[in-house]
Structure formats: C-alpha cells, structure tokens
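Please read the structure below before turning to the comments.
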Amino acid sequence: MNVPLFTPNRQNQELATELRAACNRVFDAGAFILGSEVEQFERQVAAWHGAPAAVGVSSGTDALLASLMARGIREGDQVIVPAFTFFATAGVVTRLGACPVFVDVCPACFQMTAESFAAAITPQTRAVIPVHLFGHAADIEGIVKVADAHRIAVIEDTAQAMGAEVGGRKVGSFGDFGCLSFFPTKNLGGFGDGGMVLTRNARDAENLRQIRNHGMHPKYHHHHVGGNFRLDALQAALLQVKLPHVNGWLARRAQHAARYQAALSQHPRVGISRVARCDENCSAADCHGDSGMAILLPHVREGQTPAWNQFTLRVTGGRRDALRDYLTAQGVGSEIYYPIPLHQQPCFAFHCPDISLPNAERLAKEVLSLPIFPELSENEVEHVINAVIRWLDAL
Ligand SMILES: *Cc1c(COP(=O)(O)O)cnc(C)c1O
C-alpha cells in the first residue's frame, strides 16, 4: 500500500459538481479581478473567524508582506520572528529592508513563546510575527499582552492553522493582522495560490485594500506604493464552495491525530514532551528526548484546539533520517518541515552572524511529519502506524 503525504484532489473530486458550477458562474459573469466573488468570500472568512474584516490577497506570503506594509515597516525597523518556521515568515521582513530578529522556540510545542519574544524586544522593534506552526496555536494571548505593553504590531502567521482555537476563539483573530494561506496543502486548500488578511480595525483593512492594488485610491492616485496582491475572483468562487466543509475536514484531521497518538503512545519507546507550560522545564529529560524514547509525539498546549495541518514527530538519537528511509521503503510519504532553521539560512547570514538557537537547531534535526490530510482512509492510517511500530520494534 502507498500512503501519500498529501493529495489534494481526493477532496476536490468529492466536490467536483459544485466546483465546476462555481467556475461556470465566474466564466459567465466575465469579471475576473476582485468584485463580488472576492467580497463575498471575504465576508464569509471574516465571519468564520469572528473577525471584523478580511482582505483577500494573492498568497499567504503576500498577506504577511501587505500587513507589514500596512504598518509602514521599513529599513531600520526590527520584526521578531521564530527561527523554526517556513521561510516566508522572515523573507517578507527582509524584502522591506527591515531586519528579522530570530528567536528560539519551545522544543515541546515548537512555537515561539511570550518569554522569548519579550526578551528580544528593542527600541527598534515594530512588529512580531508569531507562527501557529503545524496547526498548533502559539501562546497568542501571552504574546499579544507583551506586544500591547510595548505598542508592537502583532501579525499572526496563521497559514498552517486556520481553525485552531485558543479558549474557544480562532487564531488569526487575536493580533492586529491574521494571515491565511490557501496554498493547496493548507487547511482550506485552493486551486493555485491565494491568501487572506483578517483585521481588527477599519483603518488597517482600508490600508490593505489599497496596498493590494498598487496603493491606489482613488483610481490612478497613489499615496503609497503597494503591489499587485489581489485574490482572483475565480479562486474566491472555488474557495466559497470549500469553506463550509472546513470544519468537517478539521474533525477528520483530529481523528487521524488521535489514532496516531493512541496507537503510538502504547509503544515503550514512544513518549510525549511533557511540560506543564511549554516555556517551563524545557530542559526536562522527556522534553529533550533523553529518557530512552526514540519518538516523541506532538505536545498539545493546554487550552488550545489544534487544527492538525501536520502531525510532526520528534525522532531522537540521530535516527530521524533512518525512520524516513524506512517509511519511504514501506510506501509511506513523509516530509521534514523544516531541515534548516532560518537563522542558519545563507540569505539571512547578514542579519544573524553567529547566533545560536539550540531548540530550533535540534528540532531541524529531529522532526518528521506523517500523512494527516482529511481524506486518508482508516486502512491508510493503520498502514502508517504499523510501519512506525515495526521500525521501533527493530531498534
Ligand atoms: C504556507 C506558509 C506561508 C506562505 O503561504 P503561501 O500561500 O504559500 O505564500 C507562510 N507561513 C507559513 C508558516 C506557511 O506554512
């Protein structure tokens, strides 16, 4: 049996009739740039999140970039970002001439903590981009509290975490900006690139609407320089079909995660990073996997409901690549998100000469993500579990 890491078209095929109808609607209307399809979809996504406003953009990356531009981030400014995330989180900062300041993450939950953020603040700090990595919420309440006290803008990178909740409230709605991605592998996967910015206040929303359209307002008057960061009408029409299904898909992801947790945690060489709060006791042996465990299961922070965009193991003892090779041989797809922490990327060397962020560096060597997309069958999940257990038994 072959179990792919991800395959978007199982989900899309199930909705083929409605999706084709949405295409035809846009085709017949003949209006392809912004317009009512995008406006409707923006209202639906804002309501889904309990956010006051939402602005459709061309990608998750452009959602982050436009948010920084909306607050005028520029050369000389510092923006605090976790070192363990997808490249886009920090790339957008550098593109504006500002400086990404990398902070370490918690080794148990993989997220930036309020403490590591607070410790990195300087008089030049203008914004922070907490990432809800792998669909798990960062300590967004703690981070917003610190940011508010220092008048720092909070731009939540919610690309992987649409639907994750903290205290019953959706992530992306806590900060000044919540940036979503509709890249096909995300929780609401589109047909190409697309993104959205959730905003709390009308001024930011208006700024974003201008920035995504070359900073233009009114027509052919440009008070600031924006870009072409528009969401396509076609994309918005297709995503309107998929949005009502997201909760069902998230429930399927959670079921798969629960099965992985239940089956794998039975094994004597499998543990969980047990820390009461992620930022406490991170040197505990089980947290660092020095307690004889070969695999550590994902740690779910208290008070949050994850959106399980990824199911990411820590494989300790230098065995990660061996497990990956074994899974590949067994027909199980897996991926290393992410093999190099951002502060060690050559393109950022200029910003971070010689900094050391041990948790991020360690995770880059240990993490391995398993298939968890909603349409996996029971048999496929079982095949993955059995393959991991066979590998553990042979240790
Ligand atoms: C996918 C992703 C992005 C970028 O989204 P795109 O739509 O691919 O531009 C940004 N941050 C994180 C954490 C992501 O996973």
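None of the figures in this text is laboratory data; all of them are computed from the coordinates on show. Computed from a predicted structure; not experimentally measured. Every residue, glycine as well, gets a Cβ built from its backbone with ideal geometry; the counts of neighbours run over all protein chains shown.
Seen from ARG252, the other residues with C-beta closer than 13 Å to its C-beta sum to a net charge of -1, counting Lys and Arg as +1 and Asp and Glu as -1. Calculated [222 nm] ellipticity per residue, helices only, for the chain: -11000 deg cm²/dmol; basis is -39500 (n - 2.57) per DSSP H run with n ≥ 4, divided by all residues, nearest 500. The HN-Hα couplings worked out from phi for the range 45-55 by the Karplus form 6.51 cos²θ - 1.76 cosθ + 1.60 (θ = phi - 60°) are 5, 4, 5, 4, 8, x, 9, x, 8, 8, 10 Hz, whole numbers, x standing for Gly and Pro. Within the shell defined by Cβ-Cβ distances under 12 Å, the residues around THR7 carry a net charge of -1, with Lys and Arg each +1 and Asp and Glu each -1. Across the options TRP308, VAL241, ALA360, the greatest Cα extent toward the positive end of the charge dipole of the chain (unit charges at beta carbon of Lys, Arg, Asp, Glu) belongs to VAL241.
When +1 charges are put on Lys and Arg Cβ atoms and -1 charges on Asp and Glu Cβ atoms, the dipole computed for the chain relative to its Cα centre reaches about 380 debye. Listed by chain and number, the lysines whose C-alpha is less than 23 Å from the C-alpha of LYS170, apart from same-chain residues fewer than 8 away, are LYS145, LYS186, LYS242.
Look at the Cα gyration tensor of the chain: its axes a ≥ b ≥ c give a/c of at least 1.5 with a/b at or below b/c, and that counts as oblate. For SER377, the shell of other residues with beta-carbons less than 12 Å away shows a net charge of -1, using +1 for Lys and Arg and -1 for Asp and Glu. Taking amide hydrogens as placed 1.01 Å from N in the peptide plane, the amide H of TYR337 sits under 5 Å from those of SER369, each at least 5 positions away in sequence or on another chain. Neighbour counts of C-beta atoms inside 10 Å place THR158, THR305, THR85 in the sequence THR305, THR85, THR158, starting with the fewest. Restricting attention to the range 1-72, which chymotrypsin sites (Phe, Trp or Tyr not before Pro) occupy a DSSP loop and are surrounded by at most 15 other Cβ atoms within 10 Å? Those that pass, being in a loop and sparsely packed, are PHE32.
Applying both filters, DSSP loop and at most 10 other Cβ atoms within 10 Å, to the GluC sites (Glu not before Pro) of the range 327-395 eliminates every site. For the range 219-252, the list of trypsin sites (Lys or Arg not before Pro) that fall in a loop by DSSP and count at most 12 other C-beta atoms within 10 angstrom reads LYS219.
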